[in-house]
Amino acid sequence: MSKRGTFLFLIGLIVTLCIITILNKPTEKDFTLWLQEEYNIDCNKDCSIIELESGNGNITERIKLADGNGAYSPGLFTLRINRHYMSLNDPKRLLSLEVIGFNGRFYEMNSEIDLTGNRE
């Protein structure tokens, strides 16, 4: 194979991988499904309000949390979501999620869950 053929093959391979990665970039709908699968969290259409179960001994309660603030950063290849949720009943109960979506999957970068309300 000539140098030109090798070069064209490598360029074609890189372009193909870029196109596949762009087409597989996760969406908000994928984020909703990921929350359901990973944390068993139900959320509304845009995940501004989420609902999850919290177990305390034999008692299980449903906690509704509202999106306090956060960031949504769509990129060419990735989707980065950073959300901070506060309980509607007790503002001391917090849930913070920072995830990055790449190639059809979400990866947790940083999360902090304090459903007890005990903050130090």
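Within segment 25-41, being over 16 Å from Glu98 (Cα atoms) and either over 15 Å from the mean Cα position of the chain (by Cα) or modelled with pLDDT under 85 (or both) holds for one residue alone: Asn40. Exactly one residue out of Gly70, Gly5 is in contact with a strand residue (DSSP E or B) (Cβ under 6 Å, 6 or more places away or on another chain) and of a type outside the set (Val, Ile, Thr), and it is Gly70. Of all the residues in segment 31-50, those that are under 11 Å from Phe106 (Cα atoms) and surrounded by 15 or more Cβ atoms within 10 Å (Cβ to Cβ) number 4. Would you pick out the residues in segment 78-89 that are surrounded by 13 or more Cβ atoms within 10 Å (Cβ to Cβ) and out of contact with any Asp or Glu (no Cβ under 7 Å at 6 or more places or on another chain)? Hits for segment 78-89 are Thr78, Leu79, Arg80, Ile81, His84, Met86, Ser87, Leu88.
Among the residues of segment 19-36, the one identified as among the basic types (Lys, Arg) and touching a residue at least 24 places away in the same chain (Cβ under 8 Å) is Lys25.
The values are calculated or read from the model by the stated rules, or taken from the named source; none is laboratory data. In this text the structure is predicted, and so the values were computed from the model without any measurement. Cβ atoms come from the backbone with ideal geometry, glycine included; neighbour counts cover every protein chain shown.
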